[in-house]
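*Asks:* I'd like to ask you about the structure that follows.
The values are calculated or read from the model by the stated rules, or taken from the named source; none is laboratory data. For clarity, every value in this text was computed on a predicted model and none was experimentally measured. No Cβ is skipped: glycine too gets one built from the backbone with ideal geometry, and neighbour counts run over all protein chains shown.
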């Protein structure tokens, strides 16, 4: 399989991970709707780790997610387990422990919740991207391209979901955007 296909799969994996995030956080969708998508991204990520030249960046990011305790929903746990089981079935890539630890540390830093002036680091998650740019010096442009395509897929769905939400709000309020505020509910005594 050509390397281009793996880059397309990286993009699709990013897109599917964000769809499941959106279903978890914004839509509170049924588990039966999320599980097939988690299965799909788990298979994609497992396959990428097993067969793509840039698989170690995905393995490092996956392990960092576990260490940072960011796999915190049933559907994401399922996707993670599918990635691991598919990796066990398909076989592990040749592992350069230094490269794996490098990407794992960078991905872990991306998963931290920063406060104050460092807050943009939480939103933009720059460490893994910067680290993959540095790998270009070693002639490994594939790491950079793979993580950028994953992020483009992730952010593309994020953009689409926000625009769809804004459009729906405008339609619901006659062109005016209203901000909803939570009104405290008074309990009967």
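*Asks:* Consider residue 65 against the criteria (1) farther than 19 Å from residue 15 by Cα; (2) in a helix (DSSP H, G or I): it satisfies all of them except one. Which criterion is unmet?
*Replies:* Condition (1) is where residue 65 drops out.
*Asks:* Would you pick out the residues in the stretch 68-87 that are surrounded by fewer than 15 Cβ atoms within 10 Å (Cβ to Cβ) and modelled with pLDDT of 95 or more?
*Replies:* Residues satisfying the conditions are 77, 85.
*Asks:* What's the total number of residues in the stretch 122-139 that are touching a helix residue (DSSP H, G or I) at 6+ places or on another chain (Cβ under 8 Å) and closer than 24 Å to residue 72 by Cα?
*Replies:* Number of matching residues: 5.
*Asks:* Moving on to the next point. Has the stretch 150-160 got at least one residue that is over 14 Å from the mean Cα position of the chain (by Cα), over 19 Å from residue 6 (Cα atoms) and not in a helix (DSSP H, G or I)?
*Replies:* Among the residues of the stretch 150-160, not one is over 14 Å from the mean Cα position of the chain (by Cα), over 19 Å from residue 6 (Cα atoms) and not in a helix (DSSP H, G or I), which makes the answer no.
*Asks:* For the stretch 138-149, give me the residue count where each residue is without any contact (Cβ under 8 Å) to a residue 40 or more places away in the chain, under 17 Å from residue 100 (Cα atoms) and either assigned to a helix (DSSP H, G or I) or within 21 Å of the chain's Cα centre (by Cα) (or both).
*Replies:* So the answer is 3.
*Asks:* Now a separate question. Taking interchain pairs and intrachain pairs at least six residues apart, which have beta carbon atoms under 6 angstrom, with the first residue in the stretch 102-129 and free of Cβ contacts under 8 Å to residues at least 60 places away in the same chain and the second surrounded by fewer than 16 Cβ atoms within 10 Å (Cβ to Cβ) and part of a helix (DSSP H, G or I)?
*Replies:* Correct list of pairs: 108/67; 113/122; 114/122.
*Asks:* Hey, another quick one. Among the residues that make up the stretch 40-52, is at least one of them more than 15 Å from the chain's Cα centre (by Cα), free of Cβ contacts under 8 Å to residues at least 60 places away in the same chain, in a helix (DSSP H, G or I) and under 28 Å from residue 160 (Cα atoms)?
*Replies:* yes
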